[in-house]
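Report on one structure; see the data block that follows.
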Amino acid sequence: MKRAADLLVESLRVHGIDRVFCVPGESYLSVLDALVEQPAVSVVTTRHESGAGFMALADARLTGRAGVAFVSRGPGAMNAAIAVHSAQQDAVPLVLFIGQVERAHRQMNAFQEMDYGRVFGSVAKWVVEVNDAARLVDTVATAFHAALSGTPGPVVVALPEDMLEDLVETPAVHVNRVARAAASQQDMIDVRNLIAGAERPLLIAGGLLKFDAAQTTLKAVAEAFAIPVATAVRHADLLPNDHPQFAGHLAYGAPAALAEAVAKADLVIGVGTRLGDVTTQGYTFPAAPLPAQKVVQVWPDAMAVGHVRGLALGLAAEPLIFLEQLLAIAPDAPASQHTDWSAALHAVARSLREWRSAGDAEDGVVFGDFVAAADRLLADDAIITIDSGNFGGWVQRLMRFGGGRTMLAPASGAMGYGVPAAVAASLRHPERQVVCFVGDGGFLMTGNELATAMHYGAKPIVIVSDNGSYGTIRMHQEKHFPGRVGMTGLTNPDFPVFASSFGTLSLTVDNVSQIEGALKAAVQARCAAVITVRTSLEHISAAATIAALRGSAA
Ligand SMILES: Cc1ncc(C[n+]2csc(CCOP(=O)(O)OP(=O)(O)O)c2C)c(N)n1
């Protein structure tokens, strides 16, 4: 006989989970107790459940396994909800374990009781409450299976407190095999014919290709067919950005030159992307419901293929398997019209990265100057985490990704992801530089996880773009209601002092001449560091100043 909590932890180990993230709670004390006895599973205790959830998401991206977080019932679960939503939007496998009131108290409005099925029902792929300890092991196996199968995503498992203490006959702890579908031979012939018949084919690569083997194969396919590759939002790292077939990053508000260039494609092949709102620039390219060009979509879940858009061909197949199948039927030599077309797209993508400093603005550093220097000075295999906000537009525009330099950022646009993701990345890859870009808004949402970094010896370098504003929203205000400004100004703490109080190295950049020195000092220190950049608010985005926005709105 074994305690259910011990079986749960043993199940985690069998599923290859070597790290979980949590805020401890009295509702799952026996799991914490079982974790003490399981050296194969390390526990990272965070300072807020959103931090635990975001760390689990970042860890999942880096390991290819499901991220795992444990949180307490009610309030803990609500704090973690942002990560469940991000996992759904980003198609990242996440298993969130939540404590639950004891079974006898269910449906009685007990302390911190919630009905997780109703709370997470529209976001999670599966929500389950384990009321019989004898079913715990197979429920855990099913939970991982659900998180990893088809469209990866979040699964919520509620654990009644008393159930975890039950003793049960020891069932075999097991893993359910995830099925991976290939495309049919006829579909592949059709794809090859579509490419051969196209003048201007374009492959849009998405997040399901975010692991090494897939990126190697993607590069080989791009070269064999001379097919240009644009990446879905937040995945600029799928192909080295200097590669001749790299055609740009379809991010929020992609530059007009990029949008116009890719829109000339006569065939779009979306691989491992749901071709969602942002990547398709508001469902305009390829348009929904009826695209102007032929569209092929490859995604492992038939329900998501062609979900909102008419396709020439929809393939419910594993993206990597599809790429391998495509590589196997590559032509002896790529068509010359494809070579010319991909060269033209690459030239546009490159030109968008050009940057010439004009020096500081009256109200601070133009953040592009900082990012351009970071691109030069950071390692080629640095892991870059990006929070949500306009500062990130500069990172997307000026920093090269791919070829080992990883981009971790939530397609959900959730503020607060950056710092926790950097902590998780640094713990997973202590040998690599891990750099987080975050605004002053996002930094005060989850910057507290610097305490977690210090506790576990993580060494992220956090770049805070301090413009005293929820700048993105200010930009939208200026566009829609020019000059009518409110609710976006921020009174910040003294960030350098705040950062020092955690025990990190703390550096400040007040002007362009200090950028290189600060970056080099942070990199060389090999410890957790925060660089506070006094950023110009006037230069409110990578594309516009406030003056220009007001001018254009008038
Ligand atoms: C959790 C969350 N809350 C609110 C928003 C809406 N939002 C998007 S960007 C932004 C402001 C970001 O400000 P900051 O971090 O300072 O970066 P900046 O835009 O100034 O560069 C807000 C409030 C969001 N995306 N996520």
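The values are calculated or read from the model by the stated rules, or taken from the named source; none is laboratory data. Please read these numbers as outputs of a predicted model, since none were measured by experiment. Counting neighbours? That spans all protein chains shown, and the Cβs are built from the backbone with ideal geometry, glycine included. Ligands, DNA and RNA are excluded from the accessible area calculation, which covers all protein heavy atoms including side chains. Shrake-Rupley method; radii C 1.70, N 1.55, O 1.52, S 1.80 Å.
Remarks
- Cβ crowding within 10 Å averaged over residues, with 482-492, 153-163, 534-544, 302-312 ranked highest first: 153-163, 534-544, 302-312, 482-492
- 11 Å reach of a label modelled at residue 264, 7 Å along Cα-to-Cβ, counting backbone N of segment 326-349: 340-348
- If you plug the beta carbon distance of residue 481 and residue 151 into 1/(1 + (r/R0)^6) with R0 = 35 Å, you get a FRET efficiency near 0.40.
- Net charge, residue 492 excluded, C-beta distance under 11 Å - Lys, Arg +1, Asp, Glu -1: -2
- The residues of the chain have, on average, 38 Å² of accessible surface per residue, using a 1.4 Å probe with all protein chains present.
- Relative contact order (%) - criterion: Cα under 8 Å, at least six apart; region: the chain: 12 percent
- If you take all other residues with their beta carbon under 15 Å from the beta carbon of residue 57, and give Lys and Arg +1 and Asp and Glu -1, the sum is +2.
- Positive-end residue, segment 1-151 charge dipole about Cα centroid, Cβ charges, pick of 144, 130, 74: 144
- Loop trypsin sites (Lys or Arg not before Pro), segment 346-384, which have at most 14 other Cβ atoms in a 10 Å radius of their Cβ (DSSP): 356
- Extension gain, residue 347 back to residue 43 (0.36 nm per residue minus Cα-Cα distance, nm): 104.8 nm
- Antiparallel %, DSSP beta bridges [both residues in the chain], to 5: 10 percent
- For segment 462-492 versus segment 20-89, the inter-centroid distance based on Cα atoms is 32 Å.
- Set 219/520; 264/294; 125/219 screened for pairs whose C-alpha atoms are more than 23 Å apart: 219/520; 125/219
- Leading residue at positive end of dipole, segment 42-127 (Cβ point charges), from 108, 63, 45: 63
- Prolate/oblate/rounded label for segment 1-134 (Cα gyration tensor, a/c 1.5): oblate
- Shape call, segment 177-329: gyration tensor on alpha carbons, a/c limit 1.5: rounded
- Note on segment 498-513 and segment 240-296: Cα centroid distance 39 Å, given to the nearest whole angstrom.
- Cross-link partners of residue 210 among aspartates and glutamates (Cα-Cα below 12 Å; sequence separation of 8 or more within a chain): 90, 237
- Charged neighbours of residue 501, selected by a Cβ distance under 15 Å, balance to -1 (K, R count +1; D, E count -1).
- Applying 1/(1 + (r/R0)^6) with R0 = 45 Å to the Cβ-Cβ distance of residue 328 and residue 525 gives a FRET efficiency near 0.40.
- Surface share of carbon and sulfur [accessible, 1.4 angstrom probe, percent] for the chain: 53 percent
- Computed FRET value (nearest 0.05) for residue 377 with residue 213, which takes r as the C-beta separation and R₀ as 41 Å: 0.90
- With both residues required to sit in segment 139-288, DSSP beta bridges show an antiparallel share near 10%.
- What you get for segment 122-247, charging only the Cβ of Lys and Arg (+1) and of Asp and Glu (-1), is a dipole of about 760 debye around the Cα centre.
- For segment 97-147, the list of chymotrypsin sites (Phe, Trp or Tyr not before Pro) that fall in a loop by DSSP and count at most 16 other C-beta atoms within 10 angstrom reads 111.
- About the Cα centre, charge dipole magnitude for segment 339-493 (Lys/Arg +1, Asp/Glu -1 at Cβ), debye: 300 debye
- Overall form of the chain per C-alpha gyration tensor (a/c, 1.5; a/b vs b/c): oblate
- Calculated mean residue ellipticity, 222 nm, the chain: -11000 deg cm²/dmol, from DSSP H runs (n ≥ 4) at -39500 (n - 2.57) each, averaged per residue and rounded to 500.
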